[in-house]
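Only one structure is covered here, and it is reproduced in the block below.
The values are calculated or read from the model by the stated rules, or taken from the named source; none is laboratory data. Remember, predicted model here, so these are calculated numbers, not experimental data. We place every Cβ from the backbone using ideal geometry, glycine too, and count neighbours over all the protein chains shown.
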Amino acid sequence: MRPKSTVIWSFFDEMTVNSAKCKQFGKSFSRKGGGTTSLKLHLKSQHSDKYEELLLQEQGNQQNEPQTAKQLTPLQECKKQLTIKDSLKNKGPWDEIDK
Ligand SMILES: [Zn+2]
């Protein structure tokens, strides 16, 4: 069984396990080991607009991945504010009034 899930094949025609044909130029070339890495590299170097298209399509297939939260949690915000209050206390404006 060949992995057909990759979207790279919307840009290439698979000839044999070791060769593929670029749909942009109709040019066939070999790919060692049957992988798609060399195909991607070809798109990136020769058809950068198609390469961006490929990346977008691949991202579209991974929509189920959880997004990483960059915002601070309420607890972290609380600690941050306490730290600021503590530093103000340590300076102490009262000392200056006495002088
Ligand atoms: Zn090409």
(message) Quick check on my filter: what residues within the stretch 19-34 are loosely packed, with under 12 Cβ neighbours inside 10 Å and more than 9 Å from the ligand (Cβ to nearest atom)?
(response) Ser30, Lys32, Gly33
(message) What's the number of the only condition in (1) more than 16 Å from the ligand (Cβ to nearest atom); (2) loosely packed, with under 10 Cβ neighbours inside 10 Å; (3) among the hydroxyl-bearing types (Ser, Thr, Tyr); (4) at pLDDT 80 or above that Thr16 fails to meet?
(response) (2)
